[in-house]
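Report on the following structure.
The values are calculated or read from the model by the stated rules, or taken from the named source; none is laboratory data. On a predicted model such as this, the values are computed, not experimentally measured, just so you know. A quick note on method: Cβ atoms are made from the backbone with ideal geometry, for glycine too, and the neighbour counts reach across all protein chains shown.
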Amino acid sequence: MTFQPLKPVAHLRENLDGSWVEHNLKDHLIHVAEKAARFADEFGNGDWVKTAGMLHDLRKYNPAWQVQIRKNDG
């Protein structure tokens, strides 16, 4: 049996049935970046804000953060 690292998550959410849903970190960063850019496009700063959105939770790729997320969120 080989070790398969867990995919990085932004956070976990508990369903009503007690099961847990993982929010993939990459998907989260992309979604936040695109949404923020749409708001900032009105001011001509969508590109800068999109970059900030992609970076805002980058620290969560750190394995120590992943342990904390999984420990605290489920």
**Request:** Find all pairs meeting these conditions: Cβ atoms under 7 angstrom apart; at least six residues apart or on different chains; first residue within region 13-33 and in contact (Cβ under 8 Å) with a residue 40 or more places away in the chain; second residue surrounded by 13 or more Cβ atoms within 10 Å (Cβ to Cβ) and β-branched (Val, Ile, Thr).
**Result:** none
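From the set of residues in region 11-49 that are among the β-branched types (Val, Ile, Thr), closer than 23 Å to GLN68 by Cα and at pLDDT 95 or above, which is surrounded by the most Cβ atoms within 10 Å (Cβ to Cβ)?
Quick first cut of region 11-49, residues among the β-branched types (Val, Ile, Thr) only: 21, 30, 32, 49.
Imposing the further condition that a residue be closer than 23 Å to GLN68 by Cα reduces the set to 21, 30, 32.
Then keep just the ones that are at pLDDT 95 or above; that gives 30, 32.
Values: ILE30: 14, VAL32: 18.
By that ranking, first place goes to VAL32.
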